[in-house]
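Trainee: The structure under discussion is supplied below as structure tokens; questions concerning it will follow.
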Amino acid sequence: MIMERTFSIIKPDGVKRNIIGKILAKIEESGLRVVATKTMHMSRREAEQFYAVHSARPFFGELCEYMTSGPVVVSVLEGKNAVASYRELMGATDPSKASKGTIRAEFGLSIGENTMHGSDTLENAAIEVAYFFSGTELVNSAK
Ligand code: DAT
Ligand code: MG
């Protein structure tokens, strides 16, 4: 197994409901390590660029509106098979279809307000980390 880094967002619905700590605890309990984290409020431009792959989808406008509706918490997570293991911990995009015990099943409100983002591939993880964090914000993990 390989140590990987993935990129996570606690979306505005999570921040609004004051469950940042609960979610980060679940991430840590799963064995992943938080190597960088910060609260930020995405601009429309940042949201549109971040979700550019979905720009032709009917929900794109709504998605960008939502992601800029309040602060988010962006984090870099490290661990064995971090990309896949974090996707598993988050659960399916639609919280009503997410497996029991996943973060989206527990906290997600709807397919749009689904509390979490996690990178889908190692390649996208590297792009997304670099989009939101500078090199000096990333620490070496404790071994
Ligand atoms: P994921 O976030 O699980 O990778 P995705 O990449 O397909 O899912 O979509 C990105 C986000 O867009 C998703 O977290 C919530 C929103 N979204 C996806 N499908 C949607 C739909 N049918 N209606 C409204 N929002 C949707
Ligand atoms: Mg996706």
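Trainee: So, by mean Cβ neighbours within 10 angstrom, what's the order for 67-73, 42-48, 12-18 with the highest one leading?
Mentor: With the highest mean Cβ count within 10 Å placed first, the list reads 67-73, 12-18, 42-48.
Trainee: Ranked from highest to lowest mean number of other Cβ atoms within 10 Å per residue, what is the order of the peptides 108-120, 52-64?
Mentor: 108-120, 52-64
Trainee: Of 26/80; 16/38; 38/100; 22/100; 16/100, which sit over 20 Å apart, Cα to Cα?
Mentor: In this structure, 38/100; 16/100 exceed 20 Å between Cα atoms.
Trainee: What is the gain in length, in nm to one decimal, between residue 106 and residue 29 on full extension, counting 0.36 nm per residue of separation less the C-alpha to C-alpha distance?
Mentor: 26.2 nm
Trainee: Once you wrap a convex hull around the alpha carbon atoms of the chain, what is its projected area averaged over all directions, in nm²?
Mentor: Result: a mean projected hull area of 8.3 nm².
Trainee: Shifting gears a bit: Quick check for you: with a 1.4 Å probe and neighbouring chains kept, what is the accessible area per residue of the chain, in Å²?
Mentor: 54 Å²
Trainee: At what distance in nm do the modelled label points of residue 2 and residue 44 sit from each other, each positioned 7 Å from its Cα along Cα→Cβ?
Mentor: So the label points at residue 2 and residue 44 sit 4.0 nm apart.
Trainee: Let me ask another. Take the alpha-carbon positions of segment 23-96, form their convex hull, and give its projected area averaged over all directions (one quarter of the hull surface) in nm².
Mentor: Projected over every direction and averaged, the Cα hull of segment 23-96 covers 5.8 nm².
Trainee: What is the packing order of peptides 78-87, 25-34, taking the mean over residues of other C-beta atoms within 10 Å and listing the highest first?
Mentor: Going by the mean number of other Cβ atoms within 10 Å, highest first, we get 78-87, 25-34.
Trainee: Additional query: I'd like the carbon and sulfur percentage of the solvent accessible area for segment 3-137, probe radius 1.4 Å, heavy atoms only, ligands and nucleic acids excluded.
Mentor: Of the solvent-accessible surface of segment 3-137, carbon and sulfur hold 52 percent.
Trainee: Another question, then. For segment 23-67 and segment 78-95, write down the distance between their C-alpha centroids in whole Å.
Mentor: 14 Å
The values are calculated or read from the model by the stated rules, or taken from the named source; none is laboratory data. Nothing here was measured: the structure is a model prediction, and the numbers come from that model. Neighbour counts run over all protein chains shown; Cβ positions are idealised from the backbone, glycine included. Remember, those area values only see protein heavy atoms, side chains included, never the ligands or the DNA or RNA. Shrake-Rupley method; radii C 1.70, N 1.55, O 1.52, S 1.80 Å.
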